[in-house]
Structures are given as C-alpha cells and as structure tokens.
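The structure appears right after this line, and notes come after that.
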Amino acid sequence: MTYPNPEQRQVLRHLHGTLLVLAPAGTGKTRIMADRLAAVIASGTSPEVTLGVTFTNRAAEHMRGAVLESCGPAAKLCRIQTFHSLCAWMLRLESRDLGLPSDFVIYDEQDSIGLMRECLKAPDISPDSLFQQLSQMKSDCAEKELTLATIPALDMRRLAAPVSATLLAYHQHLAERNALDFPDLLYRTRAMLALLPEKRAKWSARFRWIQMDEVQDTHLSEYEVIRLLATHATGIAFFGDLDQTIYEWRGSNPAAVMQRVKTDLGPVTELSLQDNYRATKSLLRVADRHAATLTQRSTHTHAAASLPEGTAPEFNHAHDSLDEANWIAARLQQIQTTGDPGKIGILTRTHKRAATISDSLKGHGIPHLTVEQFDFFRRQEIKDLLARLRLLLNPADSGALQRMILRPACGIGPATLQKLSTDGQPCGLRLTDLAQLRSHRDGDPFHSLLHALAHGTVVVFDVETTGLSPAVDEVIDLSRRFLDLERHDLATVCQHFATRDRPSHRALADALATAEILLRLSPQLAAGARDRQNLIARHGKPFLPIAEKLASWREHSHTLRPPDLCQRILDESGLRDLGDDRESLGSTLDRRHANLDRFIEFFQRHDDPARPPADLLAELTNRAALARNLDFLATDDASIPILTIHQSKGLEFDTVIIAGLAEDEFPSYYAKRDLKLEEEKRLFYVALTRAKRHLILSSYGINDWGHDKPPSSFLTGLI
C-alpha cells in the first residue's frame, strides 16, 4: 500500500474551508482525519483550538490513538470527544451562568427509565417508550422553543394529561437530584449557544478548526451545535458514508444536514475516498453489487491493488429458524477447529434472532455473548458501585442514595423515604441531607450555618476565583430548596430579590451579591429548623451508618488512587456478595466478581499518578456515565459476540455470519409496509462491510410461527 494515495492526498491538502469527505468502510478514514489534524498543527494552528467529534466512545478512543501517533505530545491538547461528552464538558464549565450545579450527574437511559417509572401513574403507558418520546421531543425542539429554564420547554399540547404530568414530575426530580439525562446534554448546549450571544461568541472563538465523523448519523439538532461552534472556524470537515445511513428512525437526516451545510457553511468542497484496504476483492464485489441496488447511491468503493482475492461468501439455507441456529453452532465448531477464523461476529436484524442463536450456542458449549448479556455499564453490580462513586462526587444525588439504601437493604423502607420526601420539602430538608454526618451530629444540616449567621461570622467566597469546590457552596443550593424559579444562577436569584449588588464576574461584586442572597434566604432557613430536627430525630438513625461510610470514602478519595478506592468500597459495602435481581440473565457471583474486577481494571488502565486522585475519580466516573455497552466489547475476548447490525456499526470482524436472512425478517415486514426499504438496504450494506476475510449468509424456510418464508430478496444476485 502506498500511503497516501492520490485521493487521500487531496483530503490531506484541503485543511481549510468547508470540506465533505465521503469515506466508505475500509478506506483509511481514521488515519486521514488524524493526519489532517497533524498537518494543520504543523502549519501553525494551536492544537488547543481544534475539535474532533465522534458518535461513540470507541470511535473517540480510536481517534485519540491515531492522533497521538500522528501528532505526538500535541495530541493531548487536542479535544476529541463524543457529542454527549463534549456537551457535558461545556455545560460543566458554564454551569454557573446556566443555573446548573457544576457537579451535575448524568442519568443514562436505564436511570432515566427507572425515574420515569417512578413518576408514571398510568399503568398502560410504557416508561421505556415514554422516555424515547421525550428524547425525540428534546431533539426535535425548534430553536425558537428552546429555553434555559430548569425544565425544558417542550410542546406537550398533544399529550394526554397523565403523560404531561409525568414529564413535569420527571424533570422536577431530575432537578432535585442535580441530574441531567442524555437528551438534556444536547438540548441545553443548543439552548446555551442559541440563546446566549456571549456564550456563542466565547465558544466559537474557542474552536477554530473542527472535524466531525459519521455525518450520516447526525441529527439536525446535533448539526446545530456544530454550526454554532463553527461560526469563526477557519476549517470544518464532515466525514462519513451516506450509504450507511441507518438511523433515520431516530431522527438522523443526512440530506437535510448536507443542505444546511451548503447553505450555512458554503462553499463546500466534496471529495471521496474509494480504495478499500480492509476486506478482500471477492467480498468487496458482493458489497458493491448490493450497493448498486440503492435508489440513491452516494459512494463507490473498489479494492486496492494490494488486497487478496479471497473466497466467495458461503450460503446456508436451513429448514426452520431453530435448524439455522443449530447449523450456525455446528459450523462455528468446524471453522474453529479446522483453521484460524480470526475474530468472529454474528449479526442479526432482530434481538429475537440473536436470542435463538444464543440458546443454540449455549447448548453446544460455544463461548459467546450478546450485548444485552454483556451490557457492562447497565449491570446491576456496576451501577451499584457507580452509585456510591456518584454520591462521593455529588452529595445531592438522591437517586444514587436510594440505590445505596436498597442494595444491600439497610432497614429503610419506601414509607420512610416517602415521609421524608413529603414532609421534608416545606422545611427544606432533602433525603440526601441524612447521608451527611453534620445532620446527625447537629440534628440539622444547617445548624452550623444558622449559628454562624446569628453571630455574624459567615465568610462568602467567590469560588470561581478562589478555586474552591462549588460542591460545598450552599447559597445556590438554598435557592433551589426555597425558591420556585425557572433558573437558579446567581443573576436570576439576584433579580428575584432585587439585590443591591449584581453579579459581574468580578470577585467582590459576586461575593457581595451572594452574601445578600444568603441573608434574604436565612429567615426561611431558620423557620424550618424545628421541623428538620424533628424529621431527623424520628427517621435519621438508620441513615447514620450510610453517612459514616460516605464520609470515610470521601476522605479517602483524596489520598487513595481511584482503583484502590473502588476496591475499598467493594470490601466495605457488601456489594461483592450481593445477589442479582435479574434472574433471567442467570447471573452468578463469579460473573459479578469478574465484572467488578473488570471495572476496577478500567480505572487502573486510565489512572494517571500525576493527577490528584479526587479529580481523576470525577473524570472516570463521568466517563463511565457517558459510556455505551459496546465500549467494553474486548477485541481479544474469546467469546463470540452476537449483535444486531445496528450494534455492529463501527466494528469489524475477520469472519462474519449474517443470520436470519429470510423475507419479512430482513428486510423486515414493517420496513416494507412503511416504505422504508431503502434504509433496510443500507443496513444490509453495513452488515456486508463488517467482514474482512470470510462472510457467511444464512437463512431459513419456516419462521417461528410456522409460515413459509423465501430467502431474503437482498440475496438476489449475490449468490
């Protein structure tokens, strides 16, 4: 292989202006993106003003490695992040002016659905589907409807009353827990950049050179963030393969995005990469024949001269779906014993087909995993440990505290939790206050503050200039407890009280304004003292051991390295020997122990002894909160992954088995009914291009309901 080839050289030379690069799988996209970044840095651009955006943590890690190889030490100054981690980083830096706690926690999809379930009073509504509906509402929100309020302004006019009430309660609980859900990250970043000109100017000046990967999967709301960031960029490049657009069902619209790019950021230079260096000539011909059936084909690829010819795809047609699964198991045993198949992946259109194949492989004793079984960061034992880490970082995270209370059970029942929640709200007591030692020592979490106020010994710091942790700043916390405001940033609270001093980002003015707010809030704080003391006296005793453990772990977080702290928490919490509620997964203690050990290995792998342990703990915990289940799919794992094709996006395997290739399963009956056949074609194209050496295409004749099914129409002309 001669690198760069003429097409790649063109891309490397085009460092400025707006660039669209159509790059099919295997054409060297990651290396080109890394080398473009190295080239622009060599030309004099500071690495600190560069930004690379990807859609998965795996892709971001891959890109960071390539950039490190190309750029050397300068790579550490380049910012390469997923969309969600970029938004979370920006929001934390701007939290003061947005009314957000800087230590907000991020609720993943499972956390969010769990909270939705708590808020939902209508038994006939699925919390899963309601959360997906909410996510779509946030993504689709028009710019004129965006708001900086604590609760997003969403169009609920067409929703039934129980649904809108549930969504309101859901967001109120998120605010109480200092939490944002995944859709909030993008929504609030969009709102900040769109509604606050000074922030838009600041961030567009921060990033002067931008690269964005997987443009075909981009939602218009995500594009809006990039557009606003690119206002002053000297170069912005979009890379992707429009023929692999497989997320239209969740809102990606590459045609609309491309039109907006041309309108907003034109003129656009369009280049393409066509030489494939990853597969075999035989497999590429098969993929090309299928791609030729697309109504609108955007990219073309052909084999680099250095590629081997390879073998033609293998085809199997079984009597029924069970026979197909058993044939796959037998074929796997054969190829594993007669040669070196390399890394194997089994791809399916549906989770149901994956489950059928999993059952057969289990019966044949073949090590394998499905993403649902693996689903690392959703494992109960991992979420139990993460809940404790989140509480160390954010003592206001009531969701994490409730998980700690429930697992393992500590004698605090739902009635007590409800009583504290209901009776504590008027007097300013929160459940998380009972996890603080000061509440048990003094009988009131605010005893020391009230005593200091009474004796005139309160000192107000501006934490932005002192560098102190805002986690212990009580003034905005008091505002959230006692004031019903849309936002709780310093400026909004000052406006509410019409304070003499107004925030100006000058330390003295901000400190004076904060002091005045504290004095205005202190009467309400004092008035609720007796009620808080009574609640703690009646219900606080079972919380004391929790508060003691958290205080001890929090103290050790400043001296122990993060992996050592995790080990200590496991030893002292009883989590290692705790059972698993999800019997359907058949989890064993050995499996739980292996998962927990693997989590600690993750912390060990990313430990940096040069950094303060508490700071690194916060970063690693947040990284885990933003992680996706495929991030822990080890490339050297001996188990064979069974993935849906959507889950396989971005992965590659030496040997690929595509199963369930029967009409109405793939392409699906519903896609044909809803005239979505083109997306099904693109999905099959993605599946074909995951294979590097060997491809097996498998179908069956009778489906699970006893109906005859012909082989998939996608196989026509391929075999």
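The values are calculated or read from the model by the stated rules, or taken from the named source; none is laboratory data. In this text, all values refer to a predicted model and were calculated from it rather than measured experimentally. Every residue, glycine as well, gets a Cβ built from its backbone with ideal geometry; the counts of neighbours run over all protein chains shown. Accessible surface is based on the protein model in full, side chains and every heavy atom, while ligands, DNA and RNA are left aside. Shrake-Rupley method; radii C 1.70, N 1.55, O 1.52, S 1.80 Å.
Points worth noting:
- The condition of being open to solvent by 30 Å² or more (accessible area, probe 1.4 Å), within 24 Å of the chain's Cα centre (by Cα) and at negative phi holds for only one of GLU69, GLU61, that being GLU61.
- In the stretch 580-601, residue modelled with the lowest pLDDT [restricted to those that are open to solvent by less than 60 Å² (accessible area, probe 1.4 Å) and among the small types (Gly, Ala, Ser)]: GLY586
- Filtering the stretch 432-445 to residues that are aliphatic (A, V, I, L, M) and crowded, with 22+ Cβ neighbours inside 10 Å leaves LEU434, ALA435.
- Looking at THR27, THR18, THR45, just one residue is open to solvent by 20 Å² or more (accessible area, probe 1.4 Å), at pLDDT 90 or above, among the hydroxyl-bearing types (Ser, Thr, Tyr) and not in a helix (DSSP H, G or I), and that residue is THR45.
- Complete set of residues in the stretch 366-392 that are at pLDDT below 85 and charged (D, E, K, R): GLU372, ASP375, ARG378, ARG379
- The residue that is surrounded by the most Cβ atoms within 10 Å (Cβ to Cβ), among those in the stretch 378-406 that are within 21 Å of ASN178 (Cβ to Cβ), of a type in the set (D, E, K, R) and touching a residue at least 24 places away in the same chain (Cβ under 8 Å), is ARG390.
- Residue match in the stretch 208-218 (condition: in contact (Cβ under 8 Å) with a residue 12 or more places away in the chain, assigned to a loop (DSSP other than H, G, I, E, B), open to solvent by 20 Å² or more (accessible area, probe 1.4 Å) and acidic (Asp, Glu)): yes
Let's see how each residue does on (1) at pLDDT 95 or above; (2) at negative phi; (3) under 27 Å from the mean Cα position of the chain (by Cα):
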{"site": "GLU679", "(1), (2), (3)": "no, yes, yes"}
{"site": "TYR685", "(1), (2), (3)": "no, yes, yes"}
{"site": "ILE696", "(1), (2), (3)": "yes, yes, no"}
{"site": "ASP704", "(1), (2), (3)": "no, yes, no"}
{"site": "PRO710", "(1), (2), (3)": "yes, yes, no"}
{"site": "GLY717", "(1), (2), (3)": "no, no, no"}
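- Exactly one residue among ALA88, ALA142 is of a type in the set (Gly, Ala, Ser), under 30 Å from VAL493 (Cβ atoms) and under 17 Å from the mean Cα position of the chain (by Cα), and that residue is ALA88.
- Pair list, Cβ < 6 Å and 6+ apart or interchain, from the stretch 260-273 residues that are without any contact (Cβ under 8 Å) to a residue 24 or more places away in the chain to residues that are part of a strand (DSSP E or B): LYS262/VAL268
- Hits in the stretch 272-286 (condition: open to solvent by 30 Å² or more (accessible area, probe 1.4 Å) and not in a loop (DSSP other than H, G, I, E, B)): SER272, ASP275, LYS281, ARG285
- Some residue of the stretch 300-317 being open to solvent by 70 Å² or more (accessible area, probe 1.4 Å), at pLDDT 95 or above, over 19 Å from PHE653 (Cα atoms) and not in a loop (DSSP other than H, G, I, E, B): yes
- The one condition in (1) open to solvent by less than 60 Å² (accessible area, probe 1.4 Å); (2) at pLDDT 85 or above; (3) under 19 Å from ASN622 (Cβ atoms) that ASP108 fails to fulfil: (2)
- Some residue of the stretch 565-573 being surrounded by 19 or more Cβ atoms within 10 Å (Cβ to Cβ), aliphatic (A, V, I, L, M), modelled with pLDDT of 95 or more and over 37 Å from the mean Cα position of the chain (by Cα): no
- Among the residues of the stretch 220-229, the ones that are open to solvent by less than 20 Å² (accessible area, probe 1.4 Å) and either within 23 Å of ASN57 (Cβ to Cβ) or among the aromatic types (Phe, Trp, Tyr) (or both) come to 6 in all.
- Within the stretch 234-264, the set of residues being buried (at least 20 other Cβ atoms within 10 Å of the Cβ) and modelled with pLDDT of 90 or more comprises ILE236, ALA237, PHE238, PHE239, VAL261.
- Here ASP577 passes the criteria (1) modelled with pLDDT under 95; (2) of a type outside the set (Lys, Arg); (3) in a helix (DSSP H, G or I); (4) over 26 Å from the mean Cα position of the chain (by Cα) except the one numbered (3).
- Where GLY413 falls short, out of the listed (1) small (Gly, Ala, Ser); (2) surrounded by fewer than 20 Cβ atoms within 10 Å (Cβ to Cβ); (3) touching a residue at least 24 places away in the same chain (Cβ under 8 Å): (3)
- Filtering the stretch 337-350 to residues that are surrounded by 15 or more Cβ atoms within 10 Å (Cβ to Cβ) and more than 24 Å from VAL286 (Cα to Cα) leaves nothing.
- Test result for LEU420, touching a residue at least 60 places away in the same chain (Cβ under 8 Å), surrounded by 15 or more Cβ atoms within 10 Å (Cβ to Cβ), more than 31 Å from the chain's Cα centre (by Cα) and not in a loop (DSSP other than H, G, I, E, B): yes
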